[in-house]
1. If you take every residue apart from GLY106 with its C-beta less than 12 Å away from the C-beta of GLY106, what net charge results, scoring Lys and Arg +1 and Asp and Glu -1?
2. What residues have an amide H closer than 5 Å to that of ASP87, excluding those fewer than 5 places away on the same chain, when H is modeled at 1.01 Å from N in the peptide plane?
3. Step through the residues of the range 112-118 one at a time and calculate ³J(HN,Hα) from phi using the Karplus curve (6.51 cos²θ - 1.76 cosθ + 1.60, θ = phi - 60°), rounding each to whole Hz and writing x for Gly and Pro.
4. Before rounding to the nearest 500, sum -39500 (n - 2.57) across all DSSP H runs of length at least 4 in the chain and divide by the residue total; then give [θ] at 222 nm in deg cm²/dmol.
5. Kindly report, to the nearest 10 Å², the accessible surface of MET80 as traced by a 1.4 Å probe over protein heavy atoms only.
6. ³J(HN,Hα) across the range 62-79 via Karplus (A = 6.51, B = -1.76, C = 1.60, θ = phi - 60°), whole Hz, x for Gly/Pro?
7. Using protein chains only and a probe of 1.4 angstrom, how many square angstrom of PHE137 are accessible, to the nearest 10?
8. Could you list the GluC sites (Glu not before Pro) in the range 54-90 that lie in coil according to DSSP, counting only those with at most 11 other Cβ atoms within 10 Å of their Cβ?
Amino acid sequence: EIVLLRRGLSALPFVSMGHLDWLCGQRGLVPQALLKPSPVHALAALRLAAGDTLEGALAAAAALELDQQDLGGWQALDEMHAVVFEDSFRGLQSARGAQQSLDRIGVRLSLDLRGVAKPDVKRRALELAGGVVYPDFASAARDILAEAL
């Protein structure tokens, strides 16, 4: 949230720890049970990016991952390509878990995992989790835009 605000990107959809803790409360789970690497985090973010409301995205993500129930709407992501920017290997694991959950219901989502970190230990962890690693978000974003053009 802070990075998005500082970069002037606060209009972008995101799922925060507070949102997930609210969902934990609604589901009777212990606080932070759905934080990364839980696929619920990435699934909810994907639904937000597809245009769902926050509450709808959280409900659909929890139903798919926790209840193995498809409430519908996931087909909007079929054959889509998602670029995931993360500063933690758990976030990349969350994205991969979301992709596996979608595979189970026949939704094919391709992922482009991008890690953002400066410390060597974090960079290595992000690389091991399958991410292309950059020292900062601006570099990662420039690279994505250059590839798109």
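The values are calculated or read from the model by the stated rules, or taken from the named source; none is laboratory data. Since this is a predicted model, take the numbers as computed values, not measurements. We place every Cβ from the backbone using ideal geometry, glycine too, and count neighbours over all the protein chains shown. We work out accessible area using only protein heavy atoms, side chains counted, and drop any ligands, DNA or RNA first. Shrake-Rupley method; radii C 1.70, N 1.55, O 1.52, S 1.80 Å.
1. Values: positive: ARG104, ARG108; negative: ASP70, ASP78, GLU79, ASP103.
Result for the local shell: -2.
2. For ASP87, the qualifying residues are VAL116.
3. Values per residue, Gly and Pro as x: 10, 8, 10, x, 10, 6, 9 Hz.
4. Working: 7 runs with 77 residues, N = 149.
That comes out to -15500 deg cm²/dmol.
5. Counting only protein heavy atoms, MET80 exposes about 100 Å² to solvent.
6. The phi angles translate into 5, 4, 5, 7, 8, 9, 6, 10, 8, 7, x, x, 6, 4, 4, 9, 5, 6 Hz.
7. 60
8. Values: sites: GLU55, GLU65, GLU79, GLU86; in loops: GLU79.
Counting only loop positions with at most 11 other Cβ atoms within 10 Å, the GluC sites (Glu not before Pro) in the range 54-90 are GLU79.
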